[in-house]
Amino acid sequence: MKYDIVIVGAGVVGASIAYNLIPYDVSVLLLDKNNDVAMGATRANSAIIHAGYDPKPDTLMAKLNVEGNRLCEDLCRNLSVPFRRCGSLVLAFSDAEKELLQELLERGIANGVSDIRTLNQEELREMEPEIGEEAIAALYAPSAGIVNPWELCLAQAEVFVRNGGTFIGDAEVTSITKEEDSSFTIETKAGIFEATNVILACGIQADTVHGLIAKPDFQIVPTRGEYFLLDKSEGGKVNHVIFQCPNKDGKGVLVSPTVHGNMICGPTSEILKDNIEDTSTTSSKLAEIKTKAARSVGNISWRDNVRNFSGIRANSTVDDFIIREIPDCNGIFEAAGIKSPGLASSPAIGPYMVDLMKSSGVVLPAKTGNYDMTRKKIHFRDMSNEERAILVAEDPAYGRIVCRCEGVTEGEIRDALESPIPPRSLDAVKRRAGTGMGRCQGGFCGPRIVEMLLAQKEDTSPLSILQDAEGSNLFYTRETEVDV
């Protein structure tokens, strides 16, 4: 159980690092404390690929945001991940906020954001007719985009495993020890592993896991943000990601289309001090979203809400990303404090970490054999009728719709079940295939997917089927006799 490199944390940052290690002839293990990848901040966020005008110039955050934005489109194309470069608008509602737009413009130009400019009220309303009446100007960044965040993470992790990497879930790290030969022993709830080098990408637990090897010189400030996800009937009301001017709480409440055709509104900002993994939603914060979002887009139909959810951002006491070899701990690296724009920066964080390891003396020999860093995935609903007809003729399973809301077929669910990192829950299938994301939230397709999960292995008990994380069992007892 010894590896050249062990990566702790299988969110979009850890997956990006693992993916970018594929070209090298090293053994790599990707660990996560959850039973699947993309279970932390990656699965619950705004899904925005920020343009890069917000970070302060000359910071690592600014550099990696702009570079990650540049890399994202080709990466998503190569991995069959939904992505759309829709552009973003930052609205100003006063002369003071117009001055802030100018500051953001100058910052964006300094960071290398392409084609960024300001719009007057007339230009803004021509671009977004449904914009709120109070908006008087906007900052326009055409390079911003939207993506499916958990599929971006999954795709990189799956390709990593397909090319010889190893993923182990339910592997919360309990200790990290540096041995006399300078290797590391990593004790987890899934076993003990040895590594020549370790990379920590632990999200909201970054300071805690850092503390297993050295006293942390930073603190993570877990910050919960709540959201509305509205039906596709609302998705066409805006064409761009619409922000309000940033403030002390962050980038504020946004209104944005999603790559699936819905509308997303949020997030709020609330520092968590006790239960740092509390992803509940509250009536007061959801009401706050309604009030603030209505200022950006006035005619949002909140009755067409599909789901409310919240995510936890890994804000930190350091006003930049922390990507380094841990001081006085040769051989152990970390990517910590990866707050917004972490998702947008992630395609660049992987290559940056690889280069950092090389510059620190880690030997990464190039592979001499073949490897494939692409992924082809079928998205049936996005195909033309001609393409669908050809596919169904080859494999009738793609002609049987299981999820009516999202148009997901039996063939796509089967592909998800046979992926390099097989799903272990109903929501894990959702993240891979898109089932259960529509109006009925899995009410129709859920039972059929349970049947397919049970059929995957003959000895699988219905009592073992999970909704998502460990402990979220769908069934708790089996009735042996039923009265009719």
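Unpaired cysteine residues in the chain (no second Cys Cβ under 4.7 Å): CYS72, CYS76, CYS86, CYS153, CYS202, CYS245, CYS265, CYS329, CYS405, CYS440.
Annotation: the antiparallel percentage among DSSP beta bridges lying fully within the chain is about 70.
For the listed residue pairs LYS248/LYS339; LYS377/LYS430; LYS56/LYS248; LYS56/LYS339; LYS377/LYS457, the alpha carbons are over 18 angstrom apart in LYS377/LYS457. The protection proxy used here, the mean number of other Cβ atoms lying within 10 Å of each residue, ranks peptides 59-68, 348-357 as follows, highest first: 59-68, 348-357.
For the listed residue pairs LYS63/LYS285; LYS63/LYS358; LYS2/LYS358, the alpha carbons are over 23 angstrom apart in LYS63/LYS285. Comparing SER461, ILE413, SER182 along the charge dipole axis of the chain, the residue lying farthest to the positive side is ILE413, per the Cβ-charge model. Rounded to the nearest Hz, the phi-derived 3J(HN,Hα) couplings of the stretch 359-371 under the Karplus curve 6.51 cos²θ - 1.76 cosθ + 1.60 (θ = phi - 60°) are 5, 8, x, 6, 7, 10, x, 5, 5, 9, x, 7, 8, where x marks glycine and proline.
For the chain, a simple Cβ point-charge model (Lys and Arg +1, Asp and Glu -1, everything else neutral) yields a dipole of about 580 debye relative to the Cα centre. Extension gain for LEU356-LYS56 works out to 105.8 nm (0.36 nm per residue, less the C-alpha to C-alpha distance).
Return, ordered by residue number, the residues of the stretch 374-395 whose backbone nitrogen is under 20 Å from a label point located 7 Å along Cα→Cβ of ASP74. Hits in the stretch 374-395 for ASP74 at 20 Å: 374-377. Of the residues THR282, ILE300, SER310, the one whose Cα sits farthest towards the positive end of the charge dipole of the stretch 276-320 is ILE300 (charges of +1 on Lys and Arg Cβ, -1 on Asp and Glu Cβ, taken about the Cα centre). Take the Cα of ARG307, step 7 Å toward its Cβ, do the same at ARG117, and the gap between the two points is 3.9 nm.
In order along the stretch 22-39, the phi-based Karplus estimate (6.51 cos²θ - 1.76 cosθ + 1.60, θ = phi - 60°) of 3J(HN,Hα) comes to 4, x, 10, 7, 9, 8, 10, 10, 10, 10, 8, 6, 8, 8, 7, 7, 6, 9 Hz; Gly and Pro are listed as x. Annotation: extensible slack from MET383 through THR282 equals 32.5 nm (criterion: 0.36 nm per residue apart, minus Cα-Cα distance). Placing +1 on the Cβ of every Lys and Arg and -1 on the Cβ of every Asp and Glu, with nothing else charged, gives the stretch 380-464 a dipole about its Cα centre of roughly 420 debye. Per-residue extension of 0.36 nm, minus the Cα-Cα distance of THR368 and LYS273, leaves a gain of 29.3 nm for this segment.
Take the Cα of ASN299, step 7 Å toward its Cβ, do the same at GLU180, and the gap between the two points is 7.7 nm. Think of the chain as a dipole: +1 on every Lys or Arg Cβ, -1 on every Asp or Glu Cβ, centred on the Cα centre; then among ILE349, PRO82, MET39, PRO82 lies furthest on the positive end. Note on the stretch 380-464: Kirkwood hydrodynamic radius from all Cα pairs is 13.2 Å, rounded to one decimal.
Close amide H pairs (under 5 Å, H built 1.01 Å from N) link GLN244 with LEU91, VAL253, residues at least 5 positions away or on another chain.
The numbers here are math on the coordinates, done by the rules we state, and not lab data. Note that the structure is predicted; figures quoted are calculated from it, not measured. A quick note on method: Cβ atoms are made from the backbone with ideal geometry, for glycine too, and the neighbour counts reach across all protein chains shown.
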